[in-house]
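Derivation of every value follows stated rules applied to the coordinates shown; laboratory data play no part. All values reported here derive from a predicted model rather than from experimental measurement. Quick reminder, even Gly has a Cβ in these numbers, built from the backbone with ideal geometry, and neighbours come from all protein chains shown.
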Amino acid sequence: MSSPPQGGSPAPSSLPAEPSAEPWISPAAALYSAFDDTLRLLLQPFDAWRWIKFSAVCVLLGGGTSSAAFNWSLGALPAEANMREVLDRARQVLSEHFGFIMLAAGFGLALAVTLFYLRATFRFVLVDSILRGDVQLVNAWGRVQPQARSYFLWLLGVSVGIVTLFSISAVFARLSLRSLTGHRVTPFAAPLVSAGFLVAVVLIGLLFALLVVLTDDLVVPLMFAEGIPLSQAWGKLGRMMHDEARSFTVYLVLRLVVSVLVGMIVLFILYPVLVGFFSGMVIVGALLILTLHLFGILWVWNPATIVVAAIGLLFLTGGLLIVLGMVGMPAQVFLQTFGMRFMASREHALDTMWAQSWLRGRQE
């Protein structure tokens, strides 16, 4: 049996609710307990510093919603800024500097791999923080590294596999459409091939999403509680799902419904926040260009100015991530706690961590 996390005891008001006496709780009971745990952790009492620390952990984990689509038009800028012309010129400069393109591609690849690693590590840090009732980032970072590396390698491999499947599907669809050209075929052949490609893309995307949800919600808590690699945790989860097919199916359906509802709530809150954020950034950019124009300085795209613009874009992206993390953090904590609560009654080591955290809170 694995021992509970070491370190400082969390505050009583920040701890999870008392563990259920039921040996196998239902998905609905796990959902209710997760909601109660989230309220206790974040609001009883409210601690701004704890909220900020949890937001920093959750900033790369999705914020409780998978996407947020907002359409922005550069036509809203003053005509003097000539933003469309500036962007066209920037694309032309980039196309004329192949070395710069290769550097940007290498930087983008390195950034993507780094973000994957941070995401894998912060997922385990979030589980550790929920069990402790507080974020101990430095200590947790060292504790979770073996399992985080296992998850990172799996996530990287699955992502490469998904991209490969997308590429194979695209090549197959293109070759099929080309083979139909010049041959006597039914007029519905080409649309059927295109529809088949779209169906394949949707199915591959759903498979990837399902794998990530199961891993984040159920496999990661198993890995954390028992200190086992991802492959062993997946094997254990597979046996549980075989023995309790109905309960896990209900969990997945309930998880989908809850994530959609939570995503709608988060987007409802985010919309006015992001509108103000992006509007402010657009105004600042336009004023900067107009100020330079007033002093007789014209913004000319070259490698140096492209680097400056890229740095500005990185700061903009960082600010956006902070906003997303702050607003979406409660949803992410709630969804993670839902999976942990569901697994705790089925995994003795994880249930022991919940119970001992609760008992330490009662003793204080």
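Distance between the modelled labels on residue 265 and residue 211, one decimal in nanometres: 3.1 nm (7 Å Cα→Cβ projection).
Mind ordering 196-209, 33-46 by average Cβ neighbours within 10 Å, highest first? Working shown, then result.
Values: 196-209: 13.6, 33-46: 17.6.
Descending packing order for the listed peptides: 33-46, 196-209.
Extending 7 Å from the Cα toward the beta-carbon at both residue 239 and residue 257 defines two label points whose distance is 3.2 nm.
When peptides 244-253, 119-128 are sorted by average Cβ neighbour count within 10 Å, with the highest value leading, the order is 119-128, 244-253.
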